[in-house]
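J.: My questions all concern the structure below.
The values are calculated or read from the model by the stated rules, or taken from the named source; none is laboratory data. Just so it is clear, the model here is predicted, and its values are computed rather than measured. Here Cβ is always computed from backbone atoms with ideal geometry, including for glycine, and neighbour counts include all displayed protein chains. Remember, those area values only see protein heavy atoms, side chains included, never the ligands or the DNA or RNA. Shrake-Rupley method; radii C 1.70, N 1.55, O 1.52, S 1.80 Å.
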Amino acid sequence: MLPSRHLRAVARQRSHRRPAAAGDVFSVKPDAEVIRRNKAITAHMRAGRVLDAERLFTEMPRRSTSTYNAMLAGYAANGRLPLARSFFRSIPNPDSFSYNTLLHALAVSSSLADARALFEEMPVKDSVSYNVMISSHANHGLVSLARHYFDLAPEKDAVSWNGMLAAYVRNGRIQEARGLFDSRTEWDSISWNAMMAGYVQWGQMAEAQEMFNRMPQRDVVSWNTMVSAYARRGDMAEARRFFDVAPVRDVFTWTAVVSGYAQNGMLEEARRVFDAMPEKNAVSWNAMTAAYVQQRMMAEAKELFDAMPCRDVASWNTMLTGYAQAGMLEEARAIFDMMPQKDAVSWAAMLAAYSQGGFSEETLQLFKEMGRCGEWVNRSAFACVLSTCADIAALECGMQLHGRLIKAGYGVSCFVGNALLAMYLKCGNMEDARNAFEEMEERDIVSWNTMIAGYARHGFGMEALEVFDKMRTTSTKPDDITLVGVLAACSHSGLVEKGISYFYSMHCNFGVTAKPEHYTCMIDLLGRAGRLDEALNLMKDMPFDPDSTMWGALLGASRIHRNSELGKSAAEKIFELEPENAGMYVLLSNIYASYGKWRDVDKMRVMMHERGVKKVPGFSWIEVQNKVHTFSVGDCVHPEKESIYAFLEDLDIRMKRAGYVSATDMVLHDVEEEEKEHMLKYHSEKLAVAYGILKIPPGRPIRVIKNLRVCEDCHTALKYISAIEGRLIILRDSNRFHHFRDGSCSCGDYW
């Protein structure tokens, strides 16, 4: 956000407008009724009642420039940037206040290109205009452009100088900040404090101390800066020394010490200082409450919250966030419902609580409620709901959110852009994912890693490596997560030699030391390729003991290559490390069943029962017309089950004519072949795909999610179905994506 002083300076311009032209409906001194209504519009806008302000504006028989400016400022203050922009063009005679208001709104919303265009268009530019351009570019790290506007300014006031100084400080260009500081002597205490705070921010405490010692006059902010600095560094002894010798203390000095003790886990000391405070404000109470919240001491936090004489929205948000992070969703929702006033943080915190807790339906319902309440959706809320859409593959809902993002005037920044990218990837929409990636205004390491890992999970190894190669031409340096994605791409696509090359060169070429995750990818890569001895040798040579994930990769490879002895050895290691991992019992049972070793299958079943291990039931779901339909094996509750089963019966006949044979050796029961076929026919993913074919128009992909790994029979069946029905079927299982088209799968049967 730009400093509030810009807004105050803009507001002062109301009294410096040009005289109205002859015959203009706007007068220098509007009548009392116009003034009264202008004030009412401003009051409505400040209270967030945009519709009431619009209604009053429409009903006014006469308007002044102040009327238009009140509406424009209201739209800007309420985050209605698209409306502000279109409304600005309707103002008959915009003045400096009009231009600077829109300029400020564009700058705050990160629309810097549009802000620059408007700045060039302005017939008259004043110090406010230049200061907005300086601060806005500085806030986005564009310090050279900020300096450009600083140098262009014909008259520089204290805001200009302090804005440029702050630009250097915030962006870590301390030497240039010091050069600017030393270039003049008329600095006020704000400037001295800013320079000192800059040194503190970038960890140069000796220089900060030197500035503090040189200050011609110290105020309470100076002392608070040093107290807070040492507290944040964990040096509470020095923080306390400054606190004790400070000639003047205010509530923020005391609160800085409370926060310092709290952040360093010294709750008893924090509480002693808090109890000794001669005066407390909401920030003080919130700091102490947050200290308990951070330590998950919600009972103590609740006791303090109940005793607070001056709660603000931050107080409620602190408790809400605390309950959410502790997994106490009922308590979080109770706090949310009791809040006398909610802000964007409140809504985003509650959305995050539901989303991270896996309550997808509640997340989407709350988001709809947020819209009905007229609450403006911020970036955090958008990112949170996009994440939920990704988790349940609600593509249609996610695409609608994408449209709302554009209408809201949000640029595709890293924060929202990465959430949008992840949503498209997890929903299996590679084309829109790539488009979203290309349209991002900027990309960070998360953006590149998400795209590489996304291609890897979809089985498009070469595309993943192409993105990696493109990343290497930028200033973004690959990290350990990047290389996990690269190795996974090689593993999922059978690019064995490339994977080996990347693994053994990543320390030299990228400075990345191999971690367990990288070794797991390599074991998976070698195991899938049938190079089981090499995988075992790699595990023996590792600088750490194999974990259950590595043994799981080897067990999966044993299933693929029908090596029951190695599979048994790997499973035994997993049972030692994770005795409650039901998936591994089932995987080993599959290996035994494929060899007809029914006694061993029975032993696995008995072992699971004795250890209290329960098999996770398989579910698949599909989104049709904005509604998510869930299926289980042999589902008998879906309202359209009869038509689904009838379609599957017909489809089964056509599949067998085309050469499909059920993989009955995967059935974990020693029963007749016909019964085995019946068991396989109604797996949840087949039901979901059948329903999708019945309900989704031809030409559109069928997108299904399964909570477990797809079985061999369903994988084969879906290849046949894609060819017979001429449909693209995208299945996301617990391990990866499968794109079935024209009888083949993107994984190349390598999953």
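J.: If you stretched the chain out fully between Arg233 and Glu361, how much longer would it get, using 0.36 nm times the residue separation minus the C-alpha to C-alpha distance?
T.: Values: separation 128, 0.36 × 128 = 46.08 nm, distance 4.25 nm.
Stretched out fully, the Arg233 to Glu361 stretch lengthens by 41.8 nm.
J.: Expressed as a whole percentage, what fraction of the accessible surface of region 536-616 belongs to carbon and sulfur atoms when a 1.4 Å probe is rolled over the protein heavy atoms? Mind dumping the intermediate values first?
T.: Values: 2180 of 4450 Å².
After summing per-atom areas, the C and S share lands at 49 percent.
J.: Further question: Determine the relative contact order of region 536-616: mean sequence separation of Cα pairs under 8 Å and six or more apart, normalised by residue count, in whole percent.
T.: Details: 71 pairs, mean separation 21.0, N = 81.
Answer for region 536-616 is 26 percent.
J.: Tell me, what is a quarter of the convex hull surface for the C-alpha atoms of the chain, in nm² with one decimal? All intermediate terms of the calculation are to be shown ahead of the outcome.
T.: On the way: hull surface 161.6 nm².
With the hull built on Cα positions only, its mean projection is 40.4 nm².
J.: Placing +1 at every Lys and Arg Cβ and -1 at every Asp and Glu Cβ, with all other atoms neutral, what dipole size does region 536-616 have around its Cα centre, in debye to the nearest 20? Can you show the working numbers first?
T.: Working: 12 positive and 11 negative charges, 91 e Å.
Rounded to the nearest 20 debye, it is 440 debye.
J.: Please compute the modelled spin-label separation between Asp650 and Leu694, points set 7 Å along Cα→Cβ, answer in nm with one decimal.
T.: 1.1 nm
J.: Treating only the Cβ of Lys, Arg, Asp and Glu as charged (+1, +1, -1, -1), what charge dipole size does the chain show about its Cα centre? Round to the nearest 20 debye.
T.: 2160 debye
J.: Taking all protein chains in place and a 1.4 Å probe, what share, in percent, of the accessible surface of region 40-189 do carbon and sulfur account for? Don't skip to the end; give the middle numbers.
T.: Working: 3220 of 6360 Å².
Of the solvent-accessible surface of region 40-189, carbon and sulfur hold 51 percent.
J.: Measure off 7 Å from each Cα along the Cα-to-Cβ vector at Asp219 and Thr185, then give the distance between these two points in nanometres to one decimal.
T.: 2.2 nm
J.: Along the positive direction of the dipole of region 536-616 (beta-carbon charges: Lys, Arg +1; Asp, Glu -1; about the Cα centre), which of Gly552, Ala582, Asn537 reaches farthest?
T.: Sorting the options by dipole projection puts first Ala582.
J.: Accessible area per residue of the chain at 1.4 Å probe, in Å²?
T.: Working: 34870 Å² over 751 residues.
Accessible area per residue: 46 Å².
J.: Quick check: residue separation of Val124 and Arg657 times 0.36 nm, minus the Cα distance between them. What number comes out in nm?
T.: Values: separation 533, 0.36 × 533 = 191.88 nm, distance 7.92 nm.
So the chain would gain 184.0 nm between Val124 and Arg657.
J.: So what's the Cα pair-distance distribution over region 284-435, bin width 10 Å, in %?
T.: Per 10 Å bin, starting at zero, the Cα-Cα P(r) for region 284-435 comes out as 11, 39, 29, 16, 4, 0 percent.
J.: Quick one: compute the contact order of region 619-745, relative version, from alpha carbon pairs under 8 angstrom and 6+ residues apart, as a percent.
T.: On the way: 199 pairs, mean separation 33.6, N = 127.
With pairs under 8 Å counted, the relative contact order is 26 percent.
J.: Can you give me the distance in nm between label points at Arg55 and Met266, each placed 7 Å from the Cα along the Cα-to-Cβ direction?
T.: Taking the two extended label points, one gets 5.7 nm.
J.: On to the next question. How high is the relative contact order of region 349-475? Use alpha-carbon pairs under 8 Å, at least six apart in sequence, and give a whole percent. Before the final figure, lay out each step's value.
T.: Details: 132 pairs, mean separation 23.8, N = 127.
Relative contact order comes out at 19 percent.
J.: Rounded to a whole number, what is D in µm²/s for region 535-626 from Stokes-Einstein with the Kirkwood radius over alpha-carbon pairs (10 °C, 1.306 mPa s)? It would help to have the intermediate numbers written out before the result.
T.: Numbers: Rh = 14.3 Å.
In µm²/s, the coefficient rounds to 111.
J.: Still on this structure, please answer the following. Taking all protein chains as present, what is the carbon and sulfur share of the accessible area of region 224-342, in % to the nearest whole number, probe 1.4 Å? Can you show the working numbers first?
T.: Details: 2750 of 5670 Å².
Of the solvent-accessible surface of region 224-342, carbon and sulfur hold 49 percent.
J.: Moving on to the next point. Summing -39500 (n - 2.57) over the DSSP H runs of n ≥ 4 in the chain and dividing by its residue number, what mean residue ellipticity at 222 nm do you reach, to the nearest 500 deg cm²/dmol?
T.: On the way: 41 runs with 494 residues, N = 751.
It lands at -20500 deg cm²/dmol.
J.: Distance from the Cα centre of region 325-396 to that of region 124-169, in angstrom?
T.: What the calculation gives is 38 Å, centre to centre.
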